[in-house]
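Trainee: Questions regarding the structure given below will be posed in turn.
The values are calculated or read from the model by the stated rules, or taken from the named source; none is laboratory data. In this text the structure is predicted, and so the values were computed from the model without any measurement. Counting neighbours? That spans all protein chains shown, and the Cβs are built from the backbone with ideal geometry, glycine included.
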Amino acid sequence: MSRQGFWDDPDSAQQVVARLKALKAIVVPVTAALAGLEDLHALFELATEADDAAALNEAEAEAAKLTEQVDRLELATLLTGPHDRAACYFSIQAGAGGTDAQDWAEMLLRMYLRYFERNGYSVELIDRVDGEEAGIKSASLHVSGPYAYGYLSCERGVHRLVRPSPFNADNKRQTSFAAVTVLPEMDDIEIEVDWDKDIREDTYRAQGAGGQHVNKTSSAVRLTHLPTNIVVACQNERSQHQNRATARKVMMARLYEQEQRKRDADLAKLYSDKGQIAWGNQSRSYVLDDRRVKDHRTGVETFNPDKVLDGDIQMFIDSYLRKRAEKNQAAASKAPTA
């Protein structure tokens, strides 16, 4: 990065910067943990020699913090997939449940935005489609940061909400669904696409609060892959050219994900028809009148839904990472040896 002319090619430079951030995300926490361990040893020895109860209590408190820090490092070692360090495209789509489902999709969007903010992720809105009465029909984000895809892929699936409906005059209990899709950002996808024959491009005026370009020019771009009917839209950028470039990157990720899905029955279940964002496929349930949130994949449950909906979802991500690692280890142990 210190070479002369490093920033002459901004795209290449940004890739190097991203790689540096990824490496620092590994090295810095380990270095900090080792330094913390040395400090803890010194503090414990001094407290023991002086028979200082207050210092011993301080050492115990620091030991608890260090234990939590090492636990986080241990979880990071589970992120060894080929794309776990990559940025990702994060999408939320309302499912069965009408207006309640669209309101639920917006609640999920807020929950994840709070989580991204707390964990230092950079977020860019790619596309958002508002509901007719309330909430959103869908939203797509680009999320970048250390191990963004590795962590956020744990949130992929159908999320079920049960609550007294604010949109029902009788305040009846309503069940609604929304799906979360997470795709890695990849610059080296080897998928053949005939952009002239296989892709239909539509342009339209972007939705938004207004401005020099929004709602005044047809800058938004919608791409449809005709052989598969996959649709990708982008309206966040100022120019049609920028929106087209982003939409093409998302389309390539979607097509890559589809190829991977053909080899993975579990993903096929998660990402089949939109109509299956409904009963029987939920990965997590949020029951507000019973005050509980349960992840059906791991069994982890909490009785503070308000805290969860405010972005405190790390417990679910951590437990799923461990569960997935155990599953992979079990599968490896059963694999035939040469």
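Trainee: Which one is nearest to M251 (Cα to Cα) among residues in the stretch 73-92 that are touching a helix residue (DSSP H, G or I) at 6+ places or on another chain (Cβ under 7 Å) and not in a loop (DSSP other than H, G, I, E, B)? First the steps, then the outcome.
Mentor: Pass one, the stretch 73-92, residues touching a helix residue (DSSP H, G or I) at 6+ places or on another chain (Cβ under 7 Å): 73, 75, 78-79, 81, 83-90, 92.
Narrowing the set further to residues that are not in a loop (DSSP other than H, G, I, E, B) leaves 73, 75, 88-90, 92.
Details: L73: 33, L75: 31, C88: 13, Y89: 11, F90: 13, I92: 16 Å.
The residue in question is Y89.
Trainee: While we're here: Taking H213 and the conditions (1) part of a loop (DSSP other than H, G, I, E, B); (2) at pLDDT 90 or above; (3) not assigned by TED's automatic domain parsing to the domain that holds D312, which numbered condition does it fall short on, given that it satisfies the others?
Mentor: Checking H213 against (1) part of a loop (DSSP other than H, G, I, E, B); (2) at pLDDT 90 or above; (3) not assigned by TED's automatic domain parsing to the domain that holds D312, the one that fails is (2).
Trainee: Which of (1) in the same structural domain as P166 (by TED's automatic domain parsing); (2) over 17 Å from F177 (Cα atoms) does A59 not meet, given it meets every other one?
Mentor: Single failed check for A59: (1).
Trainee: Which residues, taken from the stretch 54-113, are among the small types (G, A, S) and touching a residue at least 40 places away in the same chain (Cβ under 8 Å)? Spell out how you get there, then give the answer.
Mentor: At the first step, the residues of the stretch 54-113 found to be among the small types (G, A, S) are 54-55, 59, 61, 63-64, 76, 81, 86-87, 91, 94-98, 101, 105.
Passing the criteria: A76, G81, A86, A87, S91, A94, G95, A96, G97, G98, A101, A105.
Trainee: Just one of A64, A54, A96, A50 is surrounded by 18 or more Cβ atoms within 10 Å (Cβ to Cβ) and on the phi < 0 side of the Ramachandran plot; which is it?
Mentor: Result: A96 is the single residue among A64, A54, A96, A50 that is surrounded by 18 or more Cβ atoms within 10 Å (Cβ to Cβ) and on the phi < 0 side of the Ramachandran plot.
Trainee: Return a yes/no flag: does the stretch 64-71 have any residue that is closer than 30 Å to G157 by Cβ and either touching a strand residue (DSSP E or B) at 6+ places or on another chain (Cβ under 8 Å) or basic (K, R) (or both).
Mentor: No.
Trainee: A follow-up question, please. Could we say that F167 is surrounded by 22 or more Cβ atoms within 10 Å (Cβ to Cβ) and aromatic (F, W, Y) here?
Mentor: No: the conditions fail for F167.
Trainee: Surrounded by fewer than 19 Cβ atoms within 10 Å (Cβ to Cβ) and in contact with a His (Cβ under 9 Å, 6 or more places away or on another chain): is that true of V123 in this structure?
Mentor: yes
Trainee: For the stretch 223-247, enumerate the residues that are closer than 16 Å to S91 by Cα and either in the same structural domain as Q93 (by TED's automatic domain parsing) or surrounded by fewer than 19 Cβ atoms within 10 Å (Cβ to Cβ) (or both).
Mentor: Residues satisfying the conditions are I230, V231.
Trainee: Separate question: Any idea which of D39, D100 is part of a helix (DSSP H, G or I) and farther than 30 Å from F177 by Cα?
Mentor: The unique qualifying residue is D39.
Trainee: Something else about it: Tell me which helices (runs of 4 or more DSSP H) are completely within the stretch 265-338 and hold 1 or more residues being crowded, with 17+ Cβ neighbours inside 10 Å and either among the basic types (K, R) or modelled with pLDDT of 95 or more (or both), or say none if there are none.
Mentor: Numbers: elements: 265-270, 305-309, 314-334.
Here the list reads 305-309, 314-334.
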